[in-house]
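A short write-up of the structure that comes next.
Derivation of every value follows stated rules applied to the coordinates shown; laboratory data play no part. Remember, predicted model here, so these are calculated numbers, not experimental data. Neighbour counts are summed over all protein chains in view; Cβ atoms, including those assigned to glycine, are modelled from backbone coordinates with ideal geometry.
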Amino acid sequence: MLNAEDIKYEQFSLEKIFELALRNDSFYMCYQPIVSTNNSRLIGFEALIRSRINDVRLRPDNLIPYVEKTGQIIELGSWILKQCLVDYKRLESYGLKDFTMSINISPIQIIDHDVTVEINDLINELGVCPKNIKLELTETALISDSNKISNTFARLREMGIKIWLDDFGTGFASLSLLRQFKVNGIKIDKSFVSNIATDNDDFTLCSAIIAMAQRLNLELIAEGIETPQQLQILNCLGCENIQGYLIDKPLALGDVITKWAK
Ligand code: C2E
Ligand code: CA
Ligand code: CA
């Protein structure tokens, strides 16, 4: 008998290896804590997909664009949504209360599929409070099929679900789109944060984004925080929440329970 570790996955095409991973339950979700900048209080988690098969092609940066191209993001995305909400309930059963779960969503899940029905069924079936669910979309989602996106956002808002813009500042969304789509919050991309302590331009950009979010009454999370210095600067600038290796890396559910559900 061949052990999973002995299989030479490189011999398979990406199509084959993805099918194998999906059918053999090789995907699992990791959860990265998001904390309050001034007192490190846990706010919630961002869900990030991982594969037990160690192949670079299955890392999220390669996997997600691939399944978006083939359309399989709809099947994978449904699995992700369900897993995140099942794990949410599990964390609650370990005593974690009133935390948020941020789930990355591809625009294809909205445009080619009705994600609202799916989420509505899941939150009812599992008994998850919708106000604790945040869907993260990148700016490109706002310029793909704006009518469909805007109608979907309206329905999600009615359900109580929050919409967040991911990687803010790296795409083409204008400030007016932020208002038009009535997003609840923005995530400052780690490319701006990484040099915030050493690069004047990045510092200026971050402070401008934070000031703008405050004026527009948007919630904020800065991602990719790796040093105490970055944390201190963001705290001074008034960025309320942060996420990054300085706090914790994305953790498998068991490790979240051990480290964060006390
Ligand atoms: P993202 O949504 O911007 O996620 C943040 C990425 O930054 C994650 O990479 C995370 O592991 C990484 N990260 C977190 N803290 C730090 C830090 O302090 N320093 C550095 N250098 N990196 C940090 P990951 O997990 O490889 O995911 C990459 C991208 O793939 C995500 O970017 C997201 O766009 C996509 N993705 C991941 N999981 C999912 C998913 O479940 N669904 C969808 N649609 N996309 C996903
Ligand atoms: Ca994200
Ligand atoms: Ca991001």
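Data for the structure
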{"quantity": "For Leu251, distant residues with modelled amide H under 5 Å away", "calculated": "Tyr31, Gln32"}
{"quantity": "Net dipole in debye of region 120-262 [+1 Lys, Arg Cβ; -1 Asp, Glu Cβ; about Cα centre; nearest 20]", "calculated": "520 debye"}
{"quantity": "Taking the chain and dividing mean pair separation by its residue count, relative contact order in percent (alpha carbons under 8 Å, at least six apart)", "calculated": "20 percent"}
{"quantity": "For region 217-262: Kirkwood Rh in Å [reciprocal of mean 1/r, alpha carbons]", "calculated": "11.8 Å"}
{"quantity": "Mean Cβ neighbour count within 10 Å, used as a protection proxy, ranking 195-208, 125-138 highest first", "calculated": "125-138, 195-208"}
{"quantity": "Amide H within-cut-off set for Phe45, under 5 Å, with H built and near neighbours excluded", "calculated": "Ile34, Thr100, Met101, Ser102"}
{"quantity": "Check: the chain dipole with +1 on Lys, Arg Cβ and -1 on Asp, Glu Cβ, in debye", "calculated": "640 debye"}
{"quantity": "Among Gly171, Gln232, Thr258 the positive-end extreme of the charge dipole of region 143-262 (Cβ point charges)", "calculated": "Thr258"}
{"quantity": "Region 1-124, relative contact order in percent, only Cα pairs under 8 angstrom and at least six apart counted", "calculated": "23 percent"}
{"quantity": "The chain - mean residue ellipticity at 222 nm from DSSP helices (-39,500 (n - 2.57) per run, n ≥ 4, rounded to 500)", "calculated": "-13500 deg cm²/dmol"}
{"quantity": "Long-range amide H partners of Glu219 with built H, under 5 Å", "calculated": "Gly185, Ile186"}
{"quantity": "Ratio of Rg to Rh over region 1-155 (Cα coordinates, Kirkwood Rh, two decimals)", "calculated": "1.00"}
{"quantity": "Dipole magnitude of region 1-107, debye to nearest 20 (Cβ charges: Lys/Arg +1, Asp/Glu -1, about Cα centre)", "calculated": "220 debye"}
{"quantity": "Sequence-separation-based contact order of region 80-176, relative, with Cα cut under 8 Å and 6+ spacing, percent", "calculated": "31 percent"}
{"quantity": "Stokes-Einstein translational diffusion, the chain - Kirkwood Rh over all Cα pairs, 1.306 mPa s, 10 °C, in µm²/s", "calculated": "82 µm²/s"}
